[in-house]
Amino acid sequence: MRALAQLISSGRIQAGMVAFFGNIIPFISPAAVALITLTKGLSDGLVLSLYAITPLTIILIYATDANTVVTMLSIFTVFCVLIGSSIMRLRSSWQEVFVFIVVFSAISTMFVSVFFNHSLVALENIIKEFFKDSQNFNDNLLIGRAFLLGVAGYVIALTSIVSVILGRWWQAMLFNPGGFKLEFHQLRFSSLFSVTILIGMFFCEFFLEGYTSWSSLLSLPLMLGGIALLHYSVTLYQLSGFWLVGFYLALLFLSPLSIMLVGIGFLDSIFNIRPKLISHIK
């Protein structure tokens, strides 16, 4: 990873090549945009983002209806990372970055719904046919426009968050060793922000029919807060790195674990758990 970060930072041509061809590997192109934006500013990041979206634009021209939506989501992700990284560079606030990413992701899906409606309908039909052919198909399963847009927003937001975090990690690796670890371990949101997120999740889950996927989109910041507290705890108690490996493997296969992380992130924003963990050791 260090070698890749050094290559991106070594010059515009090298960074452009990584951004152009990095679409083959998840997160690489937007993370390269994040690194350059964080280290050199918005204008350099904008130039690099053009390299990143060039192959996506070519794909968009020749894409079928369903693939058009997926390609547009990738393009929106690049620009979400660009502006999110610029906010991080200017404000050094993960809360502001995450708020922007969630809002931008929601707006992007609305844009796709309005201007690429025909392509979105084609994608809806493919997904519905897939579930109808499934042995576990449930007639009551609601996969409508609102649900699909929420999933699209979640994909943009998750990819953008991971890319900005990866870019920030590369930046620290090159210019401030250990800085990202300290910064990430202290990730915590304000009580007002967390309560607002929780209320939004509650309404999407129980009062707005077909909007359960939007609850997942809103939950991302608090889930990251829970993950940050977990990393902090592992370091504080000097536990083996295998704990984190096991945790991430469990996160992939046990969906209730993500709900627990949201709860932990919320409780940490209210009660500030870190000082209590330190006092427990003493």
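The values are calculated or read from the model by the stated rules, or taken from the named source; none is laboratory data. Just so we're clear, the structure is a prediction, and the values are computed from it rather than from any experiment. Note that each Cβ is placed from the backbone with ideal geometry, even for glycine, and that neighbours are counted across all protein chains shown.
Observations
- From the options Leu252, Leu236, Leu244, Leu277, residue that is modelled with pLDDT of 85 or more and closer than 20 Å to Pro221 by Cα: Leu244
- Among the conditions (1) out of contact with any His (no Cβ under 7 Å at 6 or more places or on another chain); (2) of a type in the set (A, V, I, L, M, F, W, C); (3) under 21 Å from Met88 (Cβ atoms); (4) touching a residue at least 24 places away in the same chain (Cβ under 8 Å), Ala228 misses just one, which is (1).
- Odd one out for Ser216, checked against (1) surrounded by 14 or more Cβ atoms within 10 Å (Cβ to Cβ); (2) under 23 Å from Ile165 (Cβ atoms); (3) free of Cβ contacts under 8 Å to residues at least 40 places away in the same chain: (3)
- Any hit, the stretch 75-84, residues being closer than 19 Å to Ile24 by Cβ and either at pLDDT below 90 or surrounded by fewer than 23 Cβ atoms within 10 Å (Cβ to Cβ) (or both): yes
- Among (1) surrounded by fewer than 16 Cβ atoms within 10 Å (Cβ to Cβ); (2) closer than 30 Å to Asp268 by Cβ; (3) at pLDDT 95 or above, the one test that Leu35 misses: (1)
- The set of residues from the stretch 180-212 being hydroxyl-bearing (Ser, Thr, Tyr) and touching a Ser or Thr at 6+ places or on another chain (Cβ under 8 Å) comprises Ser190, Ser191, Ser194.
- Test: Ser213 is assigned to a helix (DSSP H, G or I), over 24 Å from Ser93 (Cβ atoms), small (Gly, Ala, Ser) and assigned by TED's automatic domain parsing to the domain that holds Asn272: yes
- Selected residue (criterion: surrounded by the fewest Cβ atoms within 10 Å (Cβ to Cβ)) from residues of the stretch 179-204 that are of a type in the set (S, T, N, Q) and assigned to a helix (DSSP H, G or I): Ser191
Residue-by-condition table, conditions (1) among the charged types (D, E, K, R); (2) within 23 Å of Gly153 (Cβ to Cβ); (3) at pLDDT 95 or above:
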{"residue": "Arg12", "(1), (2), (3)": "yes, no, no"}
{"residue": "Gly16", "(1), (2), (3)": "no, no, yes"}
{"residue": "Gly45", "(1), (2), (3)": "no, yes, yes"}
{"residue": "Thr54", "(1), (2), (3)": "no, no, yes"}
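- Screening Gly210 on (1) under 18 Å from the mean Cα position of the chain (by Cα); (2) surrounded by 16 or more Cβ atoms within 10 Å (Cβ to Cβ) shows it passes everything except condition (1).
- Taken as a whole, the stretch 174-195 holds at least one residue that is touching a Gly at 6+ places or on another chain (Cβ under 7 Å), under 21 Å from Ile259 (Cα atoms), modelled with pLDDT of 90 or more and of a type in the set (Phe, Trp, Tyr).
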